[in-house]
Amino acid sequence: MDFDLINSTYTEELYSIPAKPAVIIDKEWHEMSVAEAELLPNILQAIHQKPDAVTIICQATLDLNLLPGNPSHVIYFGKPVTGIASYEVIETQKIKLVASDRLEDLVKDYEAKNKLWRALKKQFCVA
C-alpha cells in the first residue's frame, strides 16, 4: 500500500486514521523461546494494547525508516542503539520511542522489566 499517496490524497482531518503502535523485535517468532513469546503479550496487555492492535516488525537493528504507516508510538526490543537511551521515552515531532533490552534478556531481568514498565507508562499515559 502506498501510504504517501494516501496521505497526500486525503489530507483532511476527517480521513486521518492513526497508525497502529509499532513493536520492533530482533528475531523471528519461530526463533523465540516460550517465555519470550509469552512476555510480549503480557507487556502489551499492561499498556492496554492487544497483539493484533499493534504492528509487530522484525529488525535485526533499529531502522525507523522502514516502519509502515508512520506510527506515533514505537517500542523496540533489541540490541542497544548508539545515541538512544534505554528505558526512556524519546519524543520527536512524529514519534514516541522506548528502546528496551531484548525480550530474551527481559525474561530474566526483573529490574529491567520495572524500568520498561515505568517508560511505557509515560509513553502510553497509563496510570
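The values are calculated or read from the model by the stated rules, or taken from the named source; none is laboratory data. The structure displayed is predicted, hence computed values, not measured ones. We place every Cβ from the backbone using ideal geometry, glycine too, and count neighbours over all the protein chains shown.
When the range 86-127 is filtered for residues that are in a loop (DSSP other than H, G, I, E, B), at pLDDT 95 or above and either of a type in the set (Ser, Thr, Tyr) or more than 23 Å from Ala35 (Cβ to Cβ) (or both), the ones remaining, listed by number, are Tyr87, Glu88. Here Lys50, Lys20 are screened, and the one residue that is under 25 Å from Lys121 (Cβ atoms) and surrounded by fewer than 12 Cβ atoms within 10 Å (Cβ to Cβ) is Lys50. When the range 33-47 is filtered for residues that are touching a helix residue (DSSP H, G or I) at 6+ places or on another chain (Cβ under 8 Å), in contact (Cβ under 8 Å) with a residue 40 or more places away in the chain and surrounded by fewer than 16 Cβ atoms within 10 Å (Cβ to Cβ), the ones remaining, listed by number, are Ser33, Ala46. So the check is Cβ under 9 Å with 6+ separation or different chains; which pairs have a first residue in the range 64-86 that's closer than 23 Å to Ala112 by Cα and a second one that's of a type in the set (A, V, I, L, M, F, W, C) and loosely packed, with under 12 Cβ neighbours inside 10 Å? Cβ pairs passing all conditions: Gly78/Ala60; Lys79/Ala60.
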